[in-house]
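Just so you know, all these numbers are worked out from the coordinates, no wet-lab data involved. From a predicted model like this one, the values you see are computed outputs, not experimental measurements. Here the Cβ is made from the backbone with ideal geometry for all residues, glycine too, and neighbour counts use every protein chain on show.
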Amino acid sequence: MRNSVEAEGFDGEASNTSMISGASSPYQPTTEPVHSRNVLGGIRCDFEYLKSQFGILKAVEVALALIAFICIETIMLCLPCGGVYFFEFVSCSAFVITGVLLLIFSLSLHTKVHHVNWSLTDLVNTAASTFFFFLASVVLAALNHKSGAEIAAVIFGFLVTCVYAVNTFLAVKRWRMGDGCSVAVQTSEYMRARTASRGEMEARPDLA
């Protein structure tokens, strides 16, 4: 009987010792729940962007670029084929890049990547697409064989060029407004910091 009491006392002391050592140990098991990072949790469709000028222009650009690409793909015989291949490359590239940007803006994914100047990215894309679509349409118009598919591709090429040109004009205005606002904010912050530092210098007692 005494042995059982002593054993119970020893077990109690051992448990108390383990609790004390566990409390003083720097490697404590955490009870905080581990939250998994859900990167795609905040994705939502921005219908306001789709209804805006830039959203409508982007959708029209994607549709016209796709139609122009389909028209140029229906050409079965060409000689020379340089103009056809160039128009095919331009229309496919513009469709893919503009489509990706439309997806990014319409799902508000650009708000999750802050180190990219999305206004400047959109401006570069629209300006480059305007230039290359115009050039590809002129080359195809000069080197085509008067087939229906080539004429349709040229027509849609010039149409999408006009839409890209309007988008470029609006993107330039938006980029200038955003750049001017950022410069104004930086200037006001600089003047505020300079005024505060000058007030601190005036408040200091004369050391002389």
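With a Förster radius of 45 Å applied to the beta-carbon distance between Y85 and M177, the computed FRET efficiency rounds to 0.70. Taken over the C-alpha atoms, segment 47-192 has Rg and Dmax values of 18.2, 69 angstrom.
Under 30 Å Cα-Cα from K173, which lysines qualify once same-chain neighbours fewer than 8 residues away are excluded? Correct list for K173: K51, K58, K112. Charge dipole (Cα centre; +1 on Lys/Arg Cβ, -1 on Asp/Glu Cβ; no other charges) of segment 47-192 amounts to roughly 340 debye. Loop-located trypsin sites (Lys or Arg not before Pro) in segment 125-176 (DSSP state other than H, G, I, E, B) with a sparse environment of at most 11 neighbouring Cβ atoms within 10 Å: K146.
Using the Cβ of E150 as centre and a radius below 13 Å, the other residues enclosed give a net charge of -1, where K and R count +1 and D and E count -1.
Taking all Cα pairs closer than 8 Å and separated by 6 or more residues, the relative contact order of segment 47-192 comes to 32 percent. Simple spin-label estimate for C162 and T74 gives 2.1 nm between the two label positions (7 Å along the Cα-to-Cβ direction from each Cα).
Here the spin labels are modelled as points 7 Å beyond Cα on the Cα-Cβ line, and at C92 and I56 they lie 3.2 nm apart. Semi-axes of the equivalent ellipsoid for segment 63-102, computed as √(5λ) from the eigenvalues of its C-alpha gyration tensor and ordered from largest down, come to 21, 10, 5 Å. Counted residue by residue at 0.36 nm each, then reduced by the alpha carbon distance between them, the extension gain from A128 to S147 reaches 4.1 nm.
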